[in-house]
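Below you'll find the structure, written out as structure tokens, and then a few comments.
Computed from the coordinates by the stated procedures, all read-outs in this text should not be read as laboratory data. Remember, predicted model here, so these are calculated numbers, not experimental data. As a convention, Cβ positions derive from the backbone with ideal geometry for all residues, glycine included, and neighbour counts pool all protein chains shown.
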Amino acid sequence: MSLIRRLRSAVKGRYQRYIVRRHYGVENPDVIQLPGSERQIHIDPADPRAWKILAMAPLFGRIARNQTYWQQACSQLAPSLGLDIGLNFGECLFSTEYSPQTELHGFEANPRLRHFVTKSRADHPAWRQMHLHFGLVSDMPADEATFYIDKRWSGGSTAIAGLKPQDSDRFELVKVPVLTVDNALASTRASRPGGSMVFKIDVEGYEFRVLQGMRKTLEAPRWAIGLIEFDTAMLKKAGESLEEYFEFLRQRFTIHAFLKGNRATPAPATWAEFSRVFRKPEFHTDLLLTAGEPDDRVLSFLKDWTTGGTAGQRRAA
């Protein structure tokens, strides 16, 4: 990095810290206000991700897509079931108000975040509707698995071994229980047919396994809508076949992908066509998925979030 770029970066960093300090009274807050919400959450003030994405970025008008999606989908659609898989500090789950009929489940594998998530749940007025599950979400339950906590960036914690071999000392190895969504929800009213579901999955390459472990949950509702992270490099490191994964999604959902801007585009019908859209061997995007029989509210939501002619396409769950 050139001297000029280093100076610019230093000035920018000092200005960002000044803005955070002016807003919160301290440079590293442990409680932050969620953007577009009256809610606050507890965060680890020593976590660089929490500081950058949750404390600093919203003060400059930068809000993660999954937060906006979650707030709008849950408030506008009032689903009977909401699933936040990959909670991190709960910036999605705790960010909005809920219908009294919405049953909520949050899943987080990183045991270091449990303290903060539990405190934020206790502060939310809908806490009785919220059920927290701590463990690695996958396709099959198991007693335990190795989980790698990223000590420098909580969002980089993963179950994938050897993710950054050149920087292995940044990860702390812990053992965590392994669960599936279907098992976690088996005894709840949310597993009954006929409801509606909003979900979000961001689990660092384990998205396919999560979806495989929630087949029954996906089959139950009249309609379901979800936002999932799709990172080809992470998925391959997790041992997944991208072609098989895309076909799994195509058979169950209408797929829209975010290419540019804030509206998702209908995805092509095959993996070969879809991958060519990005014009590079590795890419990262979000997918907006819909299944079942969307009602008028869902179609209106999709109209705001998608572009192209298939927003109203209906696919069996």
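Worth pointing out:
- With respect to the chain, whose longest principal axis is taken over its alpha-carbon atoms, helix 296-305 is tilted by about 40°.
- Linear extension gain, Asp295 paired with Ser241, 0.36 nm per residue minus alpha-carbon span: 16.1 nm
- Looking at the range 64-305 alone, DSSP beta bridges between its own residues are antiparallel in about 50 percent of cases.
- Residues with amide H under 5 Å from that of Arg39, placed H, sequence gap 5 or more: Leu34
- Average Cα contact separation per residue, the chain, under 8 Å, 6 or more apart, as relative contact order %: 13
- Exposure proxy ranking for Met214, Met234, Met140, based on other Cβ atoms within 10 angstrom of each Cβ and starting from the fewest, stands as Met140, Met234, Met214.
- Taking the C-alpha atoms only, the angle from helix 3-24 to the longest principal axis of the chain is near 80 degrees.
- A Cβ-based charge dipole, computed about the Cα centre of the chain with Lys and Arg at +1 and Asp and Glu at -1, lands at about 1140 debye.
- Loop GluC sites (Glu not before Pro), the range 215-317, which have at most 16 other Cβ atoms in a 10 Å radius of their Cβ (DSSP): Glu282
- Inter-part distance where the range 61-117 and the range 166-207 are each reduced to a Cα centre, Å: 13
- Sequence-ordered 3J(HN,Hα) estimates for the range 171-179 from the Karplus curve with 6.51, -1.76 and 1.60 and θ = phi - 60° stand at 9, 9, 8, 9, 9, 10, x, 10, 9 Hz, glycine and proline given as x.
- Sorted by Cβ density within 10 Å, fewest first, the residues Ser187, Ser168: Ser187, Ser168
- Principal axis extents of the Cα atoms in the range 1-95, from largest to smallest and rounded to whole angstrom, are 54, 27, 20.
- Globularity index of the range 126-184, i.e. its alpha-carbon radius of gyration over 2.2 N^0.38 Å: 1.32
- For the chain, built as a Gaussian network whose Cα springs stay under 10 Å, the top-fluctuating residue of Gln16, Gln40, Gln71: Gln16
- Enclosed volume per residue, in Å³, of the convex hull spanned by Cα atoms of the chain: 142
- Degrees, to the nearest 10: 114-123 long Cα axis against longest axis of the chain: 70
- The range 194-317 shape via C-alpha gyration tensor axes, a/c threshold 1.5: oblate
- Taking a straight line from the alpha carbon of Lys200, these lysines sit under 30 Å away, with near neighbours fewer than eight places off in the same chain left out: Lys52, Lys119, Lys151, Lys164, Lys175, Lys216, Lys236, Lys237, Lys260, Lys280, Lys303.
- Normalised convex hull volume, the range 259-312, alpha-carbon set, Å³ per residue: 88
- Cα-Cα separations in the range 60-155 greater than 19 Å, expressed as whole percent: 44
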